[in-house]
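The next block holds one structure in the form of structure tokens; read it before the comments.
Since every read-out is calculated from the coordinates, none of them should be taken as a lab result. Since we're looking at a predicted model, the values are computed, not measured. Note: ideal-geometry Cβ built from the backbone for every residue, glycine included; neighbour counts use all protein chains shown.
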There are 2 protein chains.
Amino acid sequence: MLIAAEEISSLLGEDSVSYDEDVIEHHGHSDWSTANTPNRPAAVVWPRNTEEVSMIARVCSKHNVPMVAFGAGSSVEGNFSSPHSGITIDFTHMDKIVAFHPDDMDVVVQPGVNWVNLNNEIKDSGLFLPLDPSPTAMIGGMVSTNCSGTNAMRYGNMKDWVINLTVVLADGRVVKTRRRPRKTSAGYNLTGFFVGAEGTLGLVTEITLKLAPIPQDTSVAIVSFPSIRAATTAASRIIRSGIQLAALELMDDVQMQVVNRHGSAAVKKRKWEEEPTLFMKFSGTTDAIKSDIKRVQELIKNEKPGPFHFAKTKLEELDLWAARKEALFTMVSTRKEGTVLWSTDVAVPLSRLADIIDISKDECSKLGIYGTIIGHVGDANFHTAMFYDPHNAEQKAAVKRVVDDMMHRALEMDGTVSGEHAIGIGKKDCLVEELGQGTIDFMKTLKRAADPKWLLNPGKVFDLPDAA
Amino acid sequence: MLIAAEEISSLLGEDSVSYDEDVIEHHGHSDWSTANTPNRPAAVVWPRNTEEVSMIARVCSKHNVPMVAFGAGSSVEGNFSSPHSGITIDFTHMDKIVAFHPDDMDVVVQPGVNWVNLNNEIKDSGLFLPLDPSPTAMIGGMVSTNCSGTNAMRYGNMKDWVINLTVVLADGRVVKTRRRPRKTSAGYNLTGFFVGAEGTLGLVTEITLKLAPIPQDTSVAIVSFPSIRAATTAASRIIRSGIQLAALELMDDVQMQVVNRHGSAAVKKRKWEEEPTLFMKFSGTTDAIKSDIKRVQELIKNEKPGPFHFAKTKLEELDLWAARKEALFTMVSTRKEGTVLWSTDVAVPLSRLADIIDISKDECSKLGIYGTIIGHVGDANFHTAMFYDPHNAEQKAAVKRVVDDMMHRALEMDGTVSGEHAIGIGKKDCLVEELGQGTIDFMKTLKRAADPKWLLNPGKVFDLPDAA
């Protein structure tokens, strides 16, 4: 591996390669992640363009060295860990907006572009990328995990916003999946093939993204309910009505307590009801929003909602929504010395959301685990965050049991073990249970065709074949 | 091939196999299609379920016999033709709605279900499949061509509405791509891999579809413009504004003449302006529609639109929209004895739509070709339909030149040679030009991995490798 790193250094320049222990640690382990491995990459390299990524792949392929793509490092399932060591390719120097076509409503970017920065850069055009994952996320990682976030109810997930990809294959060849039409049915959907593949099929070096018009107006309403079931029933009525909210989010009683006690100054301006709470983001024209709000109030009155709290100003709207967006950070800020976080997500068919949240909360409280629930109820996807002491075997086993049971339950309900965090190393066994060995074998057949030496992010999504 | 057909007959029953000449002709040639081949299948078989399709694939694989999937037979690029003969698998007996889950907003169907019938069956639930291709189309063909239609502006195309697929692989193995969550990032996106693959990667035998709530209200407006450019500029302003029309369609002056002269009785109740015309379908709540219409009128006033014609009743709305939906049929009904139709489509980045339509119309008129333009301007995709006498070499060459030039022009503008009809045998060369040999080679690598003997719909999307 060091030979490969040295060869890359001679091609790209010494500044482009690091063997520094701290750098390697930062690229090999994450406190945010539920899944880590004791192994570390042998070196970290920073390419500046597609050609350099191609050179790196040629060298690694020649020497049979694993290649692991790295972006913001904020994924949570060990997606960028290095269980088979190898060379980590850090895309943070590839952070350019390559071309912006406002009249075509698209933008071409490198993978190291942060999505919040992108939206700031282009906001005067009235366009934006409507995904809303963690503010830390970079486009490359968003593509590779098929991320979503709070806006997915209206706007779908990452695969719906990618027009084309430039991809470096395992052996260094470069392919472009499409030209730049907004719609096409020409040939295989390679774009969709690489999105969500976690860097195991190719290294994404350029992305053309669809953009959406920024809605004329938005309005945020916060409503609490007597139970999770009442809140999800209300959510379900709203979804079935066809009213197009931009977002529809649930936080449970425990998470609302956390917000009251530990939220940011802006968020703590008011005292929140410590009950299951829906955060609704209306968007559209000012008139349409007024009409939507009236309809929603009528639709859900049987679920005994508390009063609707609306933001009176745009600033207040940001403060209200911040309670939702900061939730995980707020939760983490309450972490006691010596405990660690286990954060995970599943998604189920819409009608089963209340069931699975209720059962999972019950189990948590029976086993004495402190955890919160945040749900993207618009697409029946929810997250739990739990703290435990990793040196307390009993506590660790209890958390693991809650997670395992949640996964099995999601599958019994015909759902998925990962709504938006992908598989990484953390959920490989669950994926086999979700799809069955036949489907996994077919995925591996495609993986082998694309990467015969199994060098791209090996050990992610599924285990290496015995022969490799 | 006959041995394989007889073996299938012994497994599935004699009624499931036909060697009848008329049947074979109907499955091997289409007057609707732009691309045909002189070859024919050796037999046609009608499976009733996934297990029977799996049996057929095992037999064909054993005897190295090509397998061609057939649905409604309404595709236009020779997608179901049999250039290498083989056995055609007709899915029309697999026409069951397997399970309807209104609370999950999804439905499980077999590939032979017609989408209009499906929407009629489930309409009392307030849900519908919002795609809108030819009324003849079956779900299986819609999946395999990644179809769209007039509603794509708001609802996207077929790939956006498929939750999971059950697929019989070339060797008869059965895989299911997903369970039934509305959102997932677990493992490779096999669903997206099979959608649009034209039956070259597997035989789709069951489909779970997302459904959307039927909008509370709709309203149709028809507006004519002094030029194509004025109409597309107006369209572009509407799109950029974020106003969510369900559909935004363009018909050119020639197509409007055809409507006036040859439209159905309902359509001919009024005399249409014979100018470039936008058909707008507003949808949402009644209040929101009122507000949207006002905004649209304000937005496009600089493009000198004629008066807005609105439907006053739901019946009138259907009549107005029928002028658009019937357009191709109306055009075909004007066909002179001895002439045939060449129908094709391309899509380009939004800003180039007016350019490409203008140039293509100019070329048509210079070469004396009678043709019309219908555009899904909401996603910069448009269709031309041209008549020519196939025995008139000069005319045939002229039409071919218009089509070729249109393809090249679409590619120069960074567009695609097929917006919604897929590639079939008609556009294979164009696809190489669109994506480049490197990308085609990568597609072929995946094809070979999925179907090593190259038996599934061979000769579609791209040519067979020399070795096969």
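Side notes on the structure shown:
- Once the chain from B:Lys268 to B:Lys62 is taken as fully extended at 0.36 nm per residue, the excess over their C-alpha distance is 68.5 nm.
- Across region B:309-322, rounded Karplus estimates of 3J(HN,Hα) from the backbone phi angles (6.51 cos²θ - 1.76 cosθ + 1.60, θ = phi - 60°) give 9, 10, 6, 8, 10, 5, 5, 4, 4, 4, 4, 4, 5, 4 Hz, Gly and Pro being marked x.
- Computed label-point distance, nm, for sites A:Lys453 and A:Arg229 using a 7 Å Cα→Cβ extension: 5.8
- For chain A, the convex hull drawn through the C-alpha positions has a volume of 152 cubic angstrom per residue.
- DSSP bridge orientation in the protein assembly as shown - percent antiparallel, rounded to nearest 5: 85
- Nonlocal amide H pairs with A:Ala35, under 5 Å, H built at 1.01 Å: A:Gly78
- Using alpha-carbon coordinates, inclination of helix A:437-450 to the longest axis of chain A, degrees: 50
- Here is how the number arises for chain A: DSSP H runs of 4 or more residues each give -39500 (n - 2.57), the sum is divided by the residue count, and the result at 222 nm is -11000 deg cm²/dmol.
- Label positions at B:Glu14 and B:Lys294, each projected 7 Å from the Cα along the C-beta direction, are separated by 7.3 nm.
- Candidates B:Ala449, B:Ala422, B:His408 compared by Cα position along the dipole of region B:398-450: farthest toward the positive end lies B:Ala449, with charges placed on Cβ.
- Subset of A:Lys290/B:Lys281; A:Lys444/B:Lys210; B:Lys159/B:Lys453; A:Lys159/A:Lys325; B:Lys400/B:Lys453; B:Lys210/B:Lys290 violating a 25 Å alpha-carbon distance limit: A:Lys444/B:Lys210; B:Lys159/B:Lys453; B:Lys400/B:Lys453; B:Lys210/B:Lys290
- Nearest-ten-degree value, helix B:2-12 long axis tilted from longest Cα axis of chain B: 90
- Of all aspartates and glutamates in the structure, those lying under 16 Å Cα to Cα from A:Lys314, and not within fewer than 8 positions of it along the same chain, are A:Asp217.
- In terms of surrounding Cβ atoms within a 10 Å radius of their Cβ, B:Thr313, A:Thr177 rank from fewest to most as B:Thr313, A:Thr177.
- Entry note, chain B: relative contact order of 16 percent, from Cα contacts under 8 Å with a spacing of 6+ residues.
- Exam field: A:Lys269 pseudo-label spacings to other copies (7 Å along Cα-Cβ), nanometres: 5.4
- Computed from the C-beta positions of B:Asn39 and A:Lys314, the FRET efficiency with R₀ = 51 Å rounds to 0.20.
- For the pair region B:165-195 and region B:101-126, the centres of their Cα atoms are 20 angstrom apart.
- Short-range pairs are left out: with C-alpha atoms under 8 Å and at least six residues apart, the relative contact order of region B:317-438 is 30 percent.
- ³J(HN,Hα) computed for each position of region B:329-339 - Karplus, 6.51 cos²θ - 1.76 cosθ + 1.60, integer Hz, glycine/proline x: 4, 4, 4, 5, 5, 8, 4, 7, 2, x, 9
- About its Cα centre, the dipole of the protein assembly as shown is roughly 1700 debye, where the only charges are +1 on Lys and Arg Cβ and -1 on Asp and Glu Cβ.
- Across region A:241-248, coupling constants 3J(HN,Hα) worked out from phi with the 6.51/-1.76/1.60 Karplus curve, θ = phi - 60°, read 5, x, 5, 8, 5, 6, 7, 8 Hz, and Gly and Pro carry x.
- Residue order, fewest to most surrounding Cβ atoms within 10 angstrom, among A:His408, A:His309: A:His408, A:His309
- Under 18 Å from the Cα of B:Lys427 - aspartates and glutamates, other chains or at least 8 residues apart: B:Asp31, B:Glu77, B:Glu198, B:Asp345, B:Asp404, B:Asp405, B:Glu412, B:Asp414, B:Asp441, B:Asp463
- Residues within the reach of a label modelled at B:Asp441 (point 7 angstrom out along Cα to beta-carbon, backbone nitrogen below 17 Å), restricted to region A:429-457, are A:449-453.
- Two-site FRET efficiency, B:Glu25 against A:Asn392, from Cβ-Cβ distance with R₀ of 56 Å, rounded to 0.05: 0.15
- Sites listed here are GluC sites (Glu not before Pro) in region B:324-373 whose DSSP assignment is loop and whose Cβ has at most 13 other Cβ atoms within 10 Å: B:Glu337.
- Debye-sum result for region A:1-92 in log10 I(q)/I(0), which assumes one identical scatterer on each alpha carbon, at q = 0.11, 0.19, 0.25, 0.26 Å⁻¹: -0.27, -0.79, -1.29, -1.37
- Loop trypsin sites (Lys or Arg not before Pro), region B:280-379 (other Cβ atoms within 10 Å of the site Cβ: 14 or fewer; DSSP): B:Lys312, B:Arg335, B:Lys336
- On Cα atoms only, tilt of B:253-262 relative to the major axis of chain B in degrees: 80
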